[in-house]
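A.B. asks: Provided herewith is a single structure, encoded as structure tokens, for subsequent inquiry.
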Amino acid sequence: MTDKHHHYTLEVEWTGNNGIGTENYEVYSRSHLVRAAHKPVIEASSDAAFRGDVEKYNPEELFVASISSCHMLWYLHLCADNDIVVHAYRDNPEGTLCEPAGAPGHFASVVLKPSVTVAEEWMVEKANSLHEQAHERCFIANSCNFPISVVPECSVGTI
């Protein structure tokens, strides 16, 4: 089997020049746009803790979302392969960013909290166990150097 490589191209454009550029730390906006071909534009900023706009997504939120999204997509794939019928999936992930004194900030952990609804009772145990495989296969999780834990919940229901 040959190696596969995937390439991702985006555009990130700073839109926060208030007329005097980055003359000093306090005067410029952290607003920016994230674009990819044929997709909606994402309005972003830095976290409010770093002088950002609370009404826009920040890189840290998008990073945690990418971990959650990748896990979910692998999980749904594995469920389909194992005849587990998922009717609903919702995650409320949480990430912790640390800023040690005198050192660069970094993520210390992410906790995924997926809540899954499956079609039948017999599916619950297998559905819960597939989170481990999804985590092992997640491209984003495999690119991280901090702990990512998964605390799943599963119930039975219909659409």
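A.B. asks: Are any residues in region 114-135 touching a helix residue (DSSP H, G or I) at 6+ places or on another chain (Cβ under 8 Å) and in a helix (DSSP H, G or I), and if so, which ones?
C.D. replies: Within region 114-135, A127, L130, H131, Q133, A134, H135 qualify.
A.B. asks: For region 15-29, how many residues are aliphatic (A, V, I, L, M) and surrounded by fewer than 11 Cβ atoms within 10 Å (Cβ to Cβ)?
C.D. replies: Total satisfying the criteria: 1.
A.B. asks: I'd like to check something: does region 119-128 contain any residue that is aliphatic (A, V, I, L, M) and closer than 29 Å to P59 by Cβ?
C.D. replies: No - not one qualifying residue is present in region 119-128.
A.B. asks: Next up: Residue check, F50 against (1) over 30 Å from T15 (Cβ atoms); (2) of a type in the set (F, W, Y); (3) out of contact with any strand residue (DSSP E or B) (no Cβ under 6 Å at 6 or more places or on another chain), all met but one. Which one?
C.D. replies: Condition not satisfied by F50: (1).
A.B. asks: Condition first: buried (at least 18 other Cβ atoms within 10 Å of the Cβ) and of a type in the set (V, I, T). Now tell me which residues in region 112-133 satisfy that.
C.D. replies: Those that are buried (at least 18 other Cβ atoms within 10 Å of the Cβ) and of a type in the set (V, I, T): V116, T117, V118.
A.B. asks: Restricting attention to region 138-153, which residues are under 11 Å from H71 (Cα atoms) and free of Cβ contacts under 8 Å to residues at least 40 places away in the same chain?
C.D. replies: Selection gives N142 alone.
A.B. asks: Would you kindly identify the strands (runs of 3 or more DSSP E) lying entirely within region 30-100 that contain at least 3 residues that are surrounded by fewer than 15 Cβ atoms within 10 Å (Cβ to Cβ) and assigned by TED's automatic domain parsing to the domain that holds V110?
C.D. replies: In region 30-100, 86-90, 94-98 are the strands (runs of 3 or more DSSP E) which contain 3 or more residues that are surrounded by fewer than 15 Cβ atoms within 10 Å (Cβ to Cβ) and assigned by TED's automatic domain parsing to the domain that holds V110.
A.B. asks: Do we have any residue at all in region 67-77 that's small (G, A, S) and over 29 Å from Y8 (Cβ atoms)?
C.D. replies: Checked region 67-77: no residue is small (G, A, S) and over 29 Å from Y8 (Cβ atoms).
The values are calculated or read from the model by the stated rules, or taken from the named source; none is laboratory data. Here the structure is a predicted model, which is why all the values come from computation and not from measurement. Ideal geometry is used to build each Cβ from the backbone, glycine not excepted, and the neighbour counts take in all protein chains shown.
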